[in-house]
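**Q** First the structure, which I've put down as structure tokens, then a few questions once you've had a look.
The values are calculated or read from the model by the stated rules, or taken from the named source; none is laboratory data. All values reported here derive from a predicted model rather than from experimental measurement. A quick note on method: Cβ atoms are made from the backbone with ideal geometry, for glycine too, and the neighbour counts reach across all protein chains shown.
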Amino acid sequence: MKKINIVLALFSVAVFFQFCTKTESATVLNKSTSDITTFVTSTELLPTLPATLFDYLDRYPTHVQTALIASDNTPLNNPITNAGATLGRVLFYDKQLSRNATTSCGSCHKQQFSFDDTTALSKGLDGSLTSRNSMAILNIRFYKSGKMFWDERVTTLEKQALMPIQNHVEMDMTLSALEAKVKSLSYYPTLFKNAFGTTTIDSIAIAKALSQFERSIVTYQSKYDRVKQGIETFTTDEAAGEQLFLTAAAPRTCASCHTPPMFITSSPGSGFGLNDPNDNGINNNGNFKSGSLRNIVIRSNLFHNGSVKSVQSMMEQGNPGFGNQAIPLHFLRTAQIPSMMAFLNTLTDNTILTAEKFSNPFR
Ligand code: HEC
Ligand code: HEC
């Protein structure tokens, strides 16, 4: 049954090539659950890839490299390779990976917005909303525990990668439908062969390639990095802001939770988070992880529920989204805000917003 459907899927794609007018659908029987997934394959667009592969194995400055050694969650069986990350890039932006061929990872994790979305909740394949705020896909390699999502419910990035694809609101595919569809697209066999030495296409290899691409998105070219390398110096305001970040409200300093130089903390302990009566969070404690604070100034709709519009408003108002409970940790005195903003601005690395190697290859 499965085989026949794969053949059907391939056939429908072949039909498209001939007429190329409208979208086609195919049905796949999921072996494990017996769920039937009907998916749509839109006219095949080909990704534009460079003749020589992009380099995803950047050399980081010492302070970043040292942090990486201490916190890298790359598993031994999935190191980044240029061919693997290249395949991951194509998969990340391929709308064919969703049931109705409208939504890719890049639809919610938008490059120009630091691989984050610009709304409090994101729209999935049928227009319905996710239950939490999207997270910025940057520096996720520097999270030792490897646990992903605001509530850390997944133990590795590789496991995480298949979840949005199967999530009914986000992309809504079964794994067997995913495999059948990826197999049906002409550009994938070569990409899989280059990445993994075999044309075998399965969800495990898909997850590995997506993870390689995501782990390669690292910000290390900000003013902060140049200062740490001794190439530039902070202004008086920026330096005062860094001091505030490191020392204000000790022992609960910003830095005690958002650890420099990547401004991310692995395995937040109890008391790390903020209590949200509407969301159980990590271990049902109402706590949440925080991703890297790098590029935070150019992101909007912050925190797990997207209730905080910007860092500036966070510092001014705390967070009205948690049942009127202000967040003292995230609340600054008016006089402190300009220097803290100046410092946080130095964490912005604009290179990842436009780098072609991280961009959508389907346009
Ligand atoms: C419809 C919008 C949407 C799509 C499509 C989507 N995501 Fe997400 N992503 C989110 C939201 C929302 C969260 C936070 C969910 C939560 O914590 O419950 C998230 C969280 C994540 C995280 C966790 C990051 C961290 O620091 O813990 C990763 C990694 C991720 N997504 C990768 C992907 C990949 C890979 C794809 C494509 C296969 C994808 N996303 C597709 C909205 C989306
Ligand atoms: C006790 C630990 C702790 C301290 C201290 C702390 N934070 Fe946080 N921070 C968190 C947690 C946990 C989250 C995510 C909470 C959520 O979404 O519910 C967070 C979220 C944030 C966010 C939003 C991140 C995003 O991706 O949406 C910003 C910005 C931020 N913190 C900045 C600061 C600054 C600046 C300070 C110091 C003034 C500070 N934090 C102090 C734990 C802390």
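**Q** Would you check if Leu138 is over 27 Å from Ala177 (Cβ atoms), assigned by TED's automatic domain parsing to the domain that holds Tyr187, within 12 Å of ligand 1 (Cβ to nearest atom) and buried (at least 19 other Cβ atoms within 10 Å of the Cβ)? Explain how you work it out, then say what you get.
**A** Working: over 27 Å from Ala177 (Cβ atoms): yes; assigned by TED's automatic domain parsing to the domain that holds Tyr187: yes; within 12 Å of ligand 1 (Cβ to nearest atom): yes; buried (at least 19 other Cβ atoms within 10 Å of the Cβ): yes.
Considered against the rule, which asks whether it is over 27 Å from Ala177 (Cβ atoms), assigned by TED's automatic domain parsing to the domain that holds Tyr187, within 12 Å of ligand 1 (Cβ to nearest atom) and buried (at least 19 other Cβ atoms within 10 Å of the Cβ), Leu138 comes out as yes.
**Q** Scan (1) without any contact (Cβ under 8 Å) to a residue 24 or more places away in the chain; (2) within 8 Å of ligand 1 (Cβ to nearest atom); (3) within 28 Å of Lys228 (Cα to Cα) for the single condition Met148 breaks and write down its number.
**A** Status for Met148: all satisfied but (3).
**Q** Got at least one residue in the range 162-174 being more than 16 Å from ligand 2 (Cβ to nearest atom), among the hydroxyl-bearing types (Ser, Thr, Tyr) and closer than 29 Å to Leu185 by Cα?
**A** yes
**Q** Give the residues of the range 238-269 that are surrounded by 16 or more Cβ atoms within 10 Å (Cβ to Cβ), of a type outside the set (A, V, I, L, M, F, W, C) and in a helix (DSSP H, G or I), sorted by residue number.
**A** Correct list: Glu238, Gly241, Glu242.
**Q** Among the numbered conditions (1) acidic (Asp, Glu); (2) closer than 30 Å to Val90 by Cα; (3) without any contact (Cβ under 8 Å) to a residue 60 or more places away in the chain, tell me where Glu214 comes up short.
**A** (3)
**Q** Please find, within the range 171-187, the residue that is surrounded by the fewest Cβ atoms within 10 Å (Cβ to Cβ) out of those that are within 21 Å of Ser359 (Cβ to Cβ) and more than 22 Å from the chain's Cα centre (by Cα).
**A** Tyr187
**Q** Still on this structure: Within the group Thr199, Thr233, Thr190, which residue is surrounded by fewer than 23 Cβ atoms within 10 Å (Cβ to Cβ), more than 18 Å from Asn77 (Cβ to Cβ) and modelled with pLDDT under 95?
**A** When all the criteria are applied, what remains is Thr199.
**Q** Any chance you could count how many residues in the range 251-270 are at pLDDT below 90 and over 19 Å from Met314 (Cα atoms)?
**A** Within the range 251-270, residues that are at pLDDT below 90 and over 19 Å from Met314 (Cα atoms) number 7.
**Q** Right, something else. Say whether the condition of being closer than 30 Å to Phe358 by Cβ, aliphatic (A, V, I, L, M) and within 14 Å of ligand 2 (Cβ to nearest atom) is met by at least one residue in the range 246-255.
**A** Looking through the range 246-255, at least one residue is closer than 30 Å to Phe358 by Cβ, aliphatic (A, V, I, L, M) and within 14 Å of ligand 2 (Cβ to nearest atom).
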